[in-house]
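There's a structure below that I have some questions on.
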Number of protein chains: 2
Amino acid sequence: MNTHDLPTPALLIDVDALDHNLATMAAARPGAQLRPHVKAHKCTALAAAQAAVGHTAFTCATPREVLGMAAAGLGADLLLANETIDPRRLAAMAAAGDDARITVAVDSADTIDAAATAGIREVVIDVDIGLPRCGCAPDEAAHLADLARSRGLNVRGTMGYEGHLMALLDRHAQRLRVEAAIEVLLGAHEQVGGELVSSGGTGTYDIHPASIEVQAGSYVLMDTHYARLHLPFRQACVVLGTVIAAGPTHAVADVGLKALGMDHGNPSIDLADVSFCSDEHITFVPHVGVASVGERVEVIPAHIDPTMAMHAAAWLVRGTDVLDRWPIDLRGW
Amino acid sequence: MNTHDLPTPALLIDVDALDHNLATMAAARPGAQLRPHVKAHKCTALAAAQAAVGHTAFTCATPREVLGMAAAGLGADLLLANETIDPRRLAAMAAAGDDARITVAVDSADTIDAAATAGIREVVIDVDIGLPRCGCAPDEAAHLADLARSRGLNVRGTMGYEGHLMALLDRHAQRLRVEAAIEVLLGAHEQVGGELVSSGGTGTYDIHPASIEVQAGSYVLMDTHYARLHLPFRQACVVLGTVIAAGPTHAVADVGLKALGMDHGNPSIDLADVSFCSDEHITFVPHVGVASVGERVEVIPAHIDPTMAMHAAAWLVRGTDVLDRWPIDLRGW
């Protein structure tokens, strides 16, 4: 099959760019130095490709991602790097823990109680290292670890996510601030104990020492937001559209905001200015010439994670050859 | 079932607010004066409620919406108010046209050719009335109508969408500009002929004369973007979340940007300031007091259309009673 035959909008993954990204990250952070975050793609086929280059432990953001990864046979070591107190979802993960290793993040007495009550076996203590979101205060980590152990939970270590530092354009300033955040995390870890220290993401993957596993996800497909950091990863994912209207002032393709994560702003089109997105349209102005109805156009997402979550499947391509169809099978909660 | 038993994030539709919105619009634009746009909710159960109050003709944005509405027995008069040249989707709509009345928008020789070739029977001429998106120049409409008729297509009339005027806060200035846009549309219509003039939306529903059918969609559920216009419609839809972390500085609930349309900015929470959304989190600061882990929180979307498209189902509720589950069954393309 050829990409020209695909109905649009269609999510395309360029296999060569994907392989480049997989190899580049596996060289920088081999094996257990990376715990790929599946929230970036929500696709077990892509997770299997990450496992094939040596990363067999994964990070998840939702119970659905954990359960789907376990069901797909990718459950060697799954970390829910997020808090939940949902008793049914915790029980489902506890049950899946017979065939998979499932660890959940806790950051309070409530989340520890919910995990222990549901039969979860292993946790990490989530520590606030500067992002105002989840995570306990660093000086509470030891107490929470004791509490978790008193409830029969195995405390595997600590995690902390420096999301507020992920996309700083001044990489020198970023390094200094990330190193300070790591110091906070390692200080808490010393009190907590355990073998795991989990942190970081695509924007900071090269700052963390080898002793910390990095939870990067976006590196494997990339987006225009991370592209601003000039990382050694290639844009591997676009949303293919078809021009449905074209004139001297602008053109319109069928890739709208229901096919694109919009929280980081408008997507991009090479050699064109994007004017705005509507539900099912992107209006753009080519730098040179006039577009034609029927022409295909590649729209580059500003934020890859929510873009993936809007599509039922991605097409693996090389040039215009369609090699495979990968279901985005970890959507929902 | 009680809303406290629902897994979160959960899309809730308040049945009383919904009924208020249905009744208010049906009083203002009874029957055929409104052609409800299903892109706002993508839910055939909700469309059936719109049909029950007298609006039996519908507007769609995608072939998937058209085909799903026809399959649900709501195909009395479906308008694809959007251009497509996809031969398979056009053929599927032509085939569905044996049991449903399906009309598609055209705005160029290419779109007319694609529709005629696929066996589509009826079209409207889509006219540009100021929004730089699809639609032919007003002075091309007559020529395109002739071209469509020469290809055997029944030209039912004209449409034009004044999307650029939909959310003007100065309603007096809005009225003047919408009336000017309507004049352009009616001028084109005089040349085109046919019984239909289709236009407008939730922000302009009360400006159009009764002879124009209005394509409003958002009115039925509403969002914070349209709430700024002080329309007589109530907020009928929220995304219910659970607080998973809470402290003296902020709280976090499990309603992230994968559960919310973000193109109009952050959502809102009553009696709290929303700080930011992450993939699976909303960080917020209550105006008074401190939140508790486990507490439920209602997140009001900034843009309803893409929010609906992110959920597999909505729960119909009255207070905390769950009355029904409505699949969002028109997602995708």
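Each reported figure results from applying straightforward, stated rules to the coordinates on display, with no laboratory input. If you're wondering where the values come from, they're calculated on a predicted model, not measured in any experiment. Every residue, glycine among them, receives a Cβ derived from its backbone with ideal geometry; neighbour counts consider all protein chains shown.
Which of the listed residues, B:A115, B:A142, B:A91, is farthest toward the dipole's positive end in segment B:79-165, when Lys, Arg count +1 and Asp, Glu count -1 at the beta-carbon?
Of the listed residues, the answer is B:A91.
Taking every residue in A:256-267, how many Cβ atoms of other protein chains lie within 10 Å of its Cβ, on average? Display every interim value, and only then the final one.
Numbers: counts 8, 8, 14, 4, 2, 6, 8, 13, 2, 2, 1, 0.
Average neighbour count from other chains, rounded to a whole number: 6.
Here is a further query. Based on the Kirkwood radius over alpha-carbon pairs, what value in µm²/s does the Stokes-Einstein equation return for the translational diffusion coefficient of the protein assembly as shown at 20 °C and 1.002 mPa s? Mind dumping the intermediate values first?
Details: Rh = 26.0 Å.
D, rounded to a whole number, is 82 µm²/s.
With r defined as the distance between the Cβ atoms of B:A52 and B:A72 and R0 fixed at 22 Å, what FRET efficiency is calculated, to the nearest 0.05? Intermediate results must be reported in sequence, preceding the final value.
Values: r = 13 Å, r/R0 = 0.61.
Working from the Cβ atoms, E equals 0.95.
Among A:179-185, B:286-292, how do they line up from the highest to the lowest mean number of other beta-carbon atoms within 10 Å? Present the calculation step by step, with values, prior to reporting the outcome.
Numbers: A:179-185: 18.3, B:286-292: 11.7.
Most protected by this proxy first, the peptides run A:179-185, B:286-292.
Sort shortest first the distances from B:H4 to its counterpart in every other copy, using label points 7 Å along the Cα-to-beta-carbon line, and give them in nm.
Ordered by distance, the counterparts are at 6.2 nm.
Give a quick list of GluC sites (Glu not before Pro) in segment A:217-320 that DSSP marks as loop, anything other than H, G, I, E or B, with at most 16 other Cβ atoms within 10 Å. Show your work: numbers first, answer last.
Numbers: sites: A:E280, A:E295, A:E298; in loops: A:E280, A:E295.
Qualifying residues, ordered by number: A:E295.
Could you work out the local net charge near B:V214, counting Lys and Arg as +1, Asp and Glu as -1, over the other residues with Cβ closer than 15 Å to its Cβ?
Working: positive: B:R29, B:R35, B:K39, B:R175; negative: B:D77, B:E162, B:E179, B:D206, B:E213.
With Lys, Arg at +1 and Asp, Glu at -1, the neighbours total -1.
Under the Karplus relation 6.51 cos²θ - 1.76 cosθ + 1.60, θ = phi - 60°, what is the ordered set of whole-Hz ³J(HN,Hα) values for segment A:113-122, x standing for Gly and Pro?
Once θ is set to phi - 60°, the couplings for segment A:113-122 become 4, 5, 5, 5, 4, 7, x, 4, 9, 10 Hz.
State the residue of chain B whose Cβ is nearest the axis carrying B onto A, and the distance in whole angstrom.
Here the nearest residue and distance are B:M262, 3.
Report, as an integer, the average count of C-beta atoms from other chains found within 10 Å of each Cβ along A:300-312.
Working: counts 0, 0, 0, 3, 0, 6, 11, 0, 1, 5, 6, 2, 3.
For this peptide, the per-residue mean of nearby foreign Cβ atoms is 3.
In addition: Can you give the direction-averaged projected area of the convex hull of the alpha-carbon atoms in chain B, in nm²? Walk me through the intermediate numbers first.
Details: hull surface 66.1 nm².
For chain B, the mean projected area of the Cα convex hull comes to 16.5 nm².
Put the label 7 Å from Cα along Cα→Cβ for B:L169; what are its distances to the other copies, in nanometres, shortest first?
Output for B:L169: 2.9 nm, nearest copy listed first.
Take peptide B:7-19, look around each residue's Cβ out to 10 angstrom, count Cβ atoms belonging to other protein chains, and average those counts. Mind dumping the intermediate values first?
Values: counts 8, 4, 3, 1, 0, 0, 0, 0, 0, 0, 0, 0, 0.
Going residue by residue through B:7-19 and averaging, the value is 1.
Continuing with the same structure: Hey, got the dipole for the protein assembly as shown? About the Cα centre, +1 on K and R Cβ, -1 on D and E Cβ, debye to the nearest 20?
Numbers: 46 positive and 80 negative charges, 112 e Å.
The calculation lands at about 540 debye.
Moving on. Just want the answer: with Cβ charges of +1 for Lys and Arg and -1 for Asp and Glu, which residue in A:V192, A:V124, A:A48 is farthest toward the dipole's positive end in segment A:16-221?
With unit charges placed on the Cβ atoms, the residue in question is A:A48.
Oh, and also: With θ taken as phi - 60° and the coefficients 6.51, -1.76 and 1.60, list the Karplus ³J(HN,Hα) couplings across segment B:265-277 in order, rounded to whole Hz; mark glycine and proline as x.
x, 5, x, 10, 10, 4, 6, 8, 9, 7, 7, 6, 10
Helix-only estimate, please: 222 nm mean residue ellipticity of chain A, summing -39500 (n - 2.57) across DSSP H runs of length 4 or more and dividing by its residues, to the nearest 500.
Details: 9 runs with 94 residues, N = 333.
Here the helix-only value at 222 nm equals -8500 deg cm²/dmol.
When you count, for each residue, the other Cβ atoms within 10 Å and take the mean per peptide, how do B:263-270, A:94-101, B:59-66 rank with the highest first? Mind dumping the intermediate values first?
Values: B:263-270: 19.5, A:94-101: 15.6, B:59-66: 25.9.
Per-residue mean Cβ counts within 10 Å order the peptides as B:59-66, B:263-270, A:94-101.
Assume the label is 7 Å from Cα along Cα to beta carbon: what separations in nm does B:L323 have to the matching positions in the other copies?
Nearest first, the other copies' label points are 5.2 nm away.
Just to check I understand the Karplus step: with θ = phi - 60° and J = 6.51 cos²θ - 1.76 cosθ + 1.60, what whole-Hz values come out for segment A:251-257, glycine and proline as x?
Taking θ as phi minus 60°, the curve returns 10, 10, 10, 8, 10, x, 6 Hz for segment A:251-257.
Here is a follow-up. In the calculated pair distance distribution of segment B:192-333, what percentage of Cα-Cα distances lie above 28 Å?
Working: 2801 of 10011 pairs.
Looking at segment B:192-333, the distances longer than 28 Å represent 28 percent of pairs.
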